[in-house]
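Below is one structure, written out as structure tokens; the observations come after it.
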Amino acid sequence: MTNLERLRERSGCEASLRDLDGYLWLAGQYRDWRNKGDDAQLNAELRSLFEDDDPQTQADLKVLAGEG
């Protein structure tokens with residue numbers, strides 16, 4: 001059993017491993033960007049998403065960060 005499988009099992013998460021992996025990757029990238037700002041090494045698409053001023057995008061990012 002992989003660590004990701006154990007995490008899914010222990011958390012009770014019903015997402016697919018692919019979806020869980022994608023979520024964790026995106027959440028990690030967002031966290032890195034919030035901590036490092038311009039020094040975070042992100043691709044242009046992610047940086048654009050994180051810097052988007054759209055209220056819905058910002059609300060979604062708060063949920064991603066566990067704040068919403």
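Summary of computed values
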item: Residue within the range 22-42 that is closer than 30 Å to Met1 by Cα, outside any helix (DSSP H, G or I), in contact (Cβ under 8 Å) with a residue 24 or more places away in the chain and under 15 Å from the mean Cα position of the chain (by Cα) present; result: no
item: Test result for Leu4, modelled with pLDDT under 95 and more than 14 Å from the chain's Cα centre (by Cα); result: yes
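Let's see how each residue does on (1) loosely packed, with under 12 Cβ neighbours inside 10 Å; (2) among the basic types (Lys, Arg):
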| residue | (1), (2) |
| --- | --- |
| Asn3 | yes, no |
| Arg8 | no, yes |
| Leu17 | no, no |
| Leu20 | no, no |
| Asn43 | yes, no |
| Ser48 | yes, no |
| Leu61 | no, no |
| Gly68 | yes, no |
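The values are calculated or read from the model by the stated rules, or taken from the named source; none is laboratory data. Since the model is a prediction, treat every value here as computed from it, not as a measurement. Virtual Cβ from ideal backbone geometry, glycine too; neighbours counted across all protein chains shown.
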